[in-house]
Amino acid sequence: MGYRGILFDLDGTLLNTLADIGFYINRTLSRYGYLPFPMDKVNTVVGWGLKMALYKILPENVRGDDAYLSKMTEELIADYNSNPVIKTVPYPGIIDLLDELARRNVVLGIFSNKSHPVTLQVVDKTMGLSRFAAVLGSDAGFPRKPEPDGANEVIRRMGLPKSEILYIGDTIMDHETAQNAGLDDITVTWGFRSRKQLEEQGISHFVESVDEILKYF
């Protein structure tokens, strides 16, 4: 297929971060006197940033208080950023996949909507920064996904033409980012959204297992 590189999303694609995100969300909720949010539903509120996650969780009568919501979000982000890797791990098979891609000389990059310093920290602790030609977070001078600017900067650092790079993510936001950047993309089904949800949003190219990614290379 002519691909020589992959631009990865991070959360929900390479790493299962739900346990840590849920832990810090519930710690923040507890400080404000709210009941914990069910851990098995955390995937339904993440993907749009932590402020939106809190907005979706909080009672309707406080959602309109932006100052209150912003204060909670600032505390949540500071708490999460202080130690973002407690139970965060690569999805099963990801490390073996990265090793095999390295053997095939595939150039790898990451663009995440996490802050840049936290993105670097999380990637280094879980997979190792040296595996990737470029790793970028959304506050390194670039707007958040689905705007293509950050993805385009990772592509520039990867040193490959867009026609040779495959974007791999787990949400409609990733699909839109790939489209906006002019990249082919596939969507994994082990991430934060179900295949049914993704199909309802118009996504049609999927991989069901980590090993399936290798057929593109």
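Please tell me the relative contact order of region 149-212 in percent, rounded to the nearest whole number, where contacts are Cα pairs under 8 Å and at least six residues apart. Over region 149-212, the number comes to 29 percent. Of the trypsin sites (Lys or Arg not before Pro) found in region 104-197, those in coil by DSSP whose Cβ has at most 10 other Cβ atoms within 10 Å are Arg104. Residues in region 166-183 carry Karplus couplings, in order, of 9, 8, 10, x, 10, 9, 4, 4, 5, 4, 5, 4, 4, 4, 5, 8, x, 10 Hz; the curve used is 6.51 cos²θ - 1.76 cosθ + 1.60 with θ = phi - 60°, and Gly or Pro positions show x. Eigenvalues of the alpha-carbon gyration tensor of region 18-82, scaled by 5 and square-rooted, set the equivalent ellipsoid semi-axes at 16, 13, 11 angstrom, largest first. Packing here is the average count of other Cβ atoms within 10 Å per residue, and on that basis the peptides 62-72, 17-27, highest first, run 17-27, 62-72. For Lys145, the lysines whose Cα comes closer than 21 Å to its Cα, not counting residues fewer than 8 places off in the same chain, are Lys51, Lys56, Lys114, Lys162. Compute the acute angle (0 to 90°) between the alpha-carbon long axis of helix 66-82 and the principal axis of greatest extent of the alpha-carbon atoms of the chain; round to the nearest 10°. Rounded to the nearest ten degrees, it is 60. Once you list every other residue whose beta carbon is under 13 Å from the beta carbon of Trp190, what net charge do they have if Lys and Arg are +1 and Asp and Glu are -1? Value of the local net charge: -4. Counting charges near Leu69 (Lys, Arg +1; Asp, Glu -1) among other residues having Cβ under 9 Å from its Cβ returns a value of +1.
Panel note: the C-alpha atoms of the chain, placed on their principal axes, show extents of 54, 35, 31 Å (largest first).
Averaging the Cα positions of each part gives two centres, and for region 165-217 and region 61-138 these lie 18 Å apart. Normalised by the number of residues in region 18-82, the mean separation of alpha-carbon contacts (under 8 Å, six or more apart) gives a relative contact order of 34 percent.
Relative contact order of the chain: 27 percent, from C-alpha pairs under 8 Å at least 6 residues apart in sequence. Scalar couplings 3J(HN,Hα) for region 111-119, obtained by applying the Karplus form with A = 6.51, B = -1.76, C = 1.60 to θ = phi - 60°, are 10, 10, 7, 5, 4, 4, x, 5, 4 Hz; x denotes Gly and Pro.
Just so you know, all these numbers are worked out from the coordinates, no wet-lab data involved. Predicted, not measured: the structure shown is a model, and the values here were computed from it. Note that we place each Cβ from the backbone using ideal geometry, even for glycine, and neighbour counts take in every protein chain shown.
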